[in-house]
Each structure stands twice: as C-alpha cells, then as structure tokens.
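So the structure is just underneath, and the comments pick up after that.
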Amino acid sequence: MRATGRLRLAARVTALAGWLAACLVAHGAASLFGRGRLVPPVFLGGAARICRVRWQIVGEPASEGALFLANHVSWLDILALAGATGTTFVAKGDLRAAPVVGWLASLHRTVFVERDARMTIAQQVAAFRHALATERFLTLFPEGTTGDGHRLLPFKSAMLSVLDGRKGGAMVQPVLLDYGPATDEIAWIGEESGLGNARRILAGAGAIPLTIHVLEPLGAGELCDRKRAAAAAHRQLSDRLARLRGAAATER
C-alpha cells in the first residue's frame, strides 16, 4: 500500500472511531428518553459516508413498511441501506459473537438466524414476524453471501420461511444495490478477508456511488409461498440488473 493510501486509511479509521464515540454518547442520552433506537441508523449512515459511499434512492419504499429482499455485494450495503432507509437486518447467528460488529448489530435490533440449528426454526420465524411487526423496514439478503455485483446468486428460499402462511402484514419489496463503476473495487468475493477488504476500501480514493433501486412490491399471488416469492424477487432484480449493465455497456 502506498503512503497516500496509508494516510487515507489512518484518517478514516480515526474518523470512524470518533464518530462511534460521539454516537455512543448520543445513544446513551437518547435511551434515557426511550429514543435510543433512532441513533444506530444515523451512525451507520455516517459510517457509510466516512467509507466513501454516496447513495441515491430510485423508487419508493412502501410507506407502511416492508421486508426488503436485497442483493448483497459488500459490508457497505448494510451501512448505506440502514442510513438511507433506517432498515434493520437479518444476519447469520455467528455475527453476534464478532467483536464490536456483533455488539453494534445487536444495538440495531438485528434478527440473528442460527442457520445450522434446525430445531430453532420455529423460534426464528417468530423472531422474523416480530421484527416485521415492530420495525418499519427489515432487510434480508436471500443470496446468503456476497456476490460480484454483476449477477445474482441463487436465492435460498428457506430463508423466506417467514412468508409461509402469511396473511397481510408488511409489503415485500426487492431492492437492488448497484455500485456502478465502483462494483469491482468494492465487491467482497473470493478468498479476500473481511479485514483485507475493509483496509482496501478505506485506503481508496474518491467517492463510491451507490444507487438503491427500490422495485415494485411483490403481488399477492407471488407471496403464497416462499419459493414463488424467491423466484419473483430474483426475476425482478435480475431483470433490472441486466438492463443497467446493458445500458452501461452501450454507454462505453
């Protein structure tokens, strides 16, 4: 890493630490008045900006709340999407034990899923439904991991068990996260470690553009079971991504 990259890395790590300290103080004060839940999205959005992300939203999130089914490209997705919409997330259970990150995720009321503990599926579905009833937006990454940002991985329909037997409730909206020309730079794929990816992004120069495409909610017929919902959301997101990549290729 060049000297300028090391300087940018140090400056951004320092800025993140200072921002975290300020938000922890704000969270403590807000919690005294029962408003602590307002602070984590502010922290995450500010952290996204420190990490160079500049987002815009295309489309309208459902006014009454929604379950977002989003593609997953980077850890930046979580920072930016929370900052832009206030959404909480569904995450792997092992994230809970991660130093600092797990604690921050808990503060943001993340729903942790123990994917290997088959006996707890009923409890997990109950936790999903509680979150959908109490949070305005909840985001699930049905690919189950990060992709390269140019194509979608298959959706794991088992992750949508919360939709089985669904009667009314929040809308279900596909959300496409598109980093445009920065996609290859930020995608977290292959053998790269999370720390290595973070170091590379924090040491980089220039803004990272992110367009958050909030697509049309799934229809009632698409929500009758989880496999149909997963297929419908995957189709919407794939079609939008193909159009965006086709337009970019034409412009070049």
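The values are calculated or read from the model by the stated rules, or taken from the named source; none is laboratory data. Everything numeric here is computed off the predicted structure, so don't read it as measured data. Positions of Cβ are backbone-derived with ideal geometry, glycine not excepted, and every protein chain shown enters the neighbour counts.
The rows are residues; the columns are (1) among the basic types (K, R); (2) modelled with pLDDT under 80; (3) not in a helix (DSSP H, G or I).
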{"site": "A62", "(1), (2), (3)": "no, no, yes"}
{"site": "H72", "(1), (2), (3)": "no, no, yes"}
{"site": "G102", "(1), (2), (3)": "no, no, no"}
{"site": "M119", "(1), (2), (3)": "no, yes, no"}
{"site": "A126", "(1), (2), (3)": "no, yes, no"}
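For the range 86-97, indicate whether the set of residues that are of a type in the set (D, E, K, R) and on the phi > 0 side of the Ramachandran plot is non-empty.
no
What is the residue count in the range 15-60 for residues that are basic (K, R), farther than 23 Å from G206 by Cβ and either in contact with a strand residue (DSSP E or B) (Cβ under 7 Å, 6 or more places away or on another chain) or outside any helix (DSSP H, G or I) (or both)?
Counting residues in the range 15-60 that are basic (K, R), farther than 23 Å from G206 by Cβ and either in contact with a strand residue (DSSP E or B) (Cβ under 7 Å, 6 or more places away or on another chain) or outside any helix (DSSP H, G or I) (or both) gives 1.
State all residues of the range 201-230 that are touching a helix residue (DSSP H, G or I) at 6+ places or on another chain (Cβ under 9 Å), assigned to a helix (DSSP H, G or I) and at pLDDT below 95; if no residue qualifies, say none.
Matches in the range 201-230: G221, E222, L223, R226, K227, R228, A229, A230.
Can you tell me which residue within the range 183-209, out of those that are among the hydrophobic types (A, V, I, L, M, F, W, C) and in contact with a strand residue (DSSP E or B) (Cβ under 8 Å, 6 or more places away or on another chain), is surrounded by the fewest Cβ atoms within 10 Å (Cβ to Cβ)?
A207
For the range 52-76, give me the residue count where each residue is farther than 13 Å from F137 by Cβ, of a type in the set (A, V, I, L, M, F, W, C) and over 15 Å from the mean Cα position of the chain (by Cα).
Residues flagged as farther than 13 Å from F137 by Cβ, of a type in the set (A, V, I, L, M, F, W, C) and over 15 Å from the mean Cα position of the chain (by Cα) within the range 52-76 amount to 1.
Criterion first (closer than 25 Å to L218 by Cβ and surrounded by 18 or more Cβ atoms within 10 Å (Cβ to Cβ)) does F43 satisfy it?
Values: closer than 25 Å to L218 by Cβ: no; surrounded by 18 or more Cβ atoms within 10 Å (Cβ to Cβ): yes.
Against the criterion (closer than 25 Å to L218 by Cβ and surrounded by 18 or more Cβ atoms within 10 Å (Cβ to Cβ)), F43 does not qualify.
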